[in-house]
Amino acid sequence: LTIVVMGNGSGGSDDAITLQAKIAAAVLDQRQLRSLPLGAATGDAVAGVFEGGGERVCFKTSGKGLTRGIPGSDKPPRPLLHQGNAVFAREDYPLDRFIFQLQGTRAIAHRVFYDGFFSDLMVRVPEAAC
């Protein structure tokens, strides 16, 4: 099976790579991304502030799971879908992943993949508040 999608522009929820992933999921009868239960230990391990690539992000736990937000931004934090093993996905961009590196019981960094491609390594800012 080969799926080709061409578009003019990127970065939106309907860009070519995201559409390609949605078409492939439909044709191959793959289920939508689901969120696994987020245990307290994993939530506590990954919550905090991380910096990298000129950006600062904040991960917070709530009753519904984990959110990712940009401190000082007008945009509300986005909910993330727990995929297991300290890996999180975004529902609106199904190929994006945030893969946390744990040291003991705490995440010291995470790798960011946008549209399935490695983008950044972000490290924890120890004393920063969300």
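Residues that are in contact with a Leu (Cβ under 8 Å, 6 or more places away or on another chain), of a type in the set (Val, Ile, Thr) and not in a loop (DSSP other than H, G, I, E, B) do not occur anywhere in the stretch 70-87.
Identify, please: which residue in the stretch 89-101 is of a type outside the set (A, V, I, L, M) and closer than 26 Å to LEU19 by Cα and is, among those, most open to solvent (accessible area, probe 1.4 Å)? Top of the filtered list is GLU91. For residues in the stretch 102-130 being polar (S, T, N, Q) and in contact (Cβ under 8 Å) with a residue 12 or more places away in the chain, which is most open to solvent (accessible area, probe 1.4 Å)? The extreme case among them is THR105.
A quick yes/no check of all residues on (1) farther than 16 Å from GLY48 by Cβ; (2) of a type in the set (A, V, I, L, M):
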position	(1), (2)
SER62	no, no
GLY65	no, no
ARG78	yes, no
LEU81	yes, yes
GLY104	no, no
ALA107	no, yes
TYR114	yes, no
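Out of curiosity, is ILE108 assigned to a strand (DSSP E or B) and within 10 Å of the chain's Cα centre (by Cα)? When the stated conditions are applied, ILE108 does not pass them. If the condition is being touching a residue at least 12 places away in the same chain (Cβ under 8 Å) and open to solvent by 30 Å² or more (accessible area, probe 1.4 Å), then the stretch 74-86 contributes PRO77, ARG78, PRO79, GLN83.
Among the residues of the stretch 54-73, those identified as touching a Lys or Arg at 6+ places or on another chain (Cβ under 8 Å) and surrounded by fewer than 16 Cβ atoms within 10 Å (Cβ to Cβ) are GLY69, ILE70, PRO71.
The residue pairs whose first member lies in the stretch 1-21 and is among the aliphatic types (A, V, I, L, M), whose second member is surrounded by 10 or more Cβ atoms within 10 Å (Cβ to Cβ) and at pLDDT below 75, and whose beta carbons are closer than 8 Å, counting only pairs six or more residues apart or on different chains, are LEU1/ALA24; ILE3/ALA24; VAL5/ILE17; ALA16/SER10; ILE17/SER10.
The values are calculated or read from the model by the stated rules, or taken from the named source; none is laboratory data. Just so it is clear, the model here is predicted, and its values are computed rather than measured. Quick reminder, even Gly has a Cβ in these numbers, built from the backbone with ideal geometry, and neighbours come from all protein chains shown. We work out accessible area using only protein heavy atoms, side chains counted, and drop any ligands, DNA or RNA first. Shrake-Rupley method; radii C 1.70, N 1.55, O 1.52, S 1.80 Å.
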